[in-house]
Amino acid sequence: MICLICGRKLSSPKSLELGYGPVCYGKVSGSLKAAKKAKAGTSHPVPEVPCYDIPGQMELKDYLADL
């Protein structure tokens, strides 16, 4: 079986059960900590993804309420 996100071959039983490798699962679940933990010991660091609060940005529920 391959990862549903990146297409790499899955080998661990947990990854086969989830359908994602540990790094892709961390990205999908929003857990950068899980992604970093999965990448620990490799030479490729997982970049931090900043969360910005954009002034004036509407939430989806507010937009849909106006329709």
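Laboratory data are not the source of any read-out in this text; all were calculated from the coordinates shown. Everything numeric here is computed off the predicted structure, so don't read it as measured data. Here Cβ is always computed from backbone atoms with ideal geometry, including for glycine, and neighbour counts include all displayed protein chains.
When you count the other C-beta atoms within 10 angstrom of each residue and take the mean per peptide, 11-23, 54-66 line up highest first as 11-23, 54-66.
Under the simplified labelling scheme, the residue 58-residue 2 pair shows an inter-label distance of 4.0 nm, with each label point 7 Å from Cα along Cα→Cβ.
Within a straight-line Cα-Cα reach of under 20 Å, residue 9 can be paired with the following aspartates and glutamates, leaving aside sequence neighbours fewer than 8 residues apart in one chain: 17.
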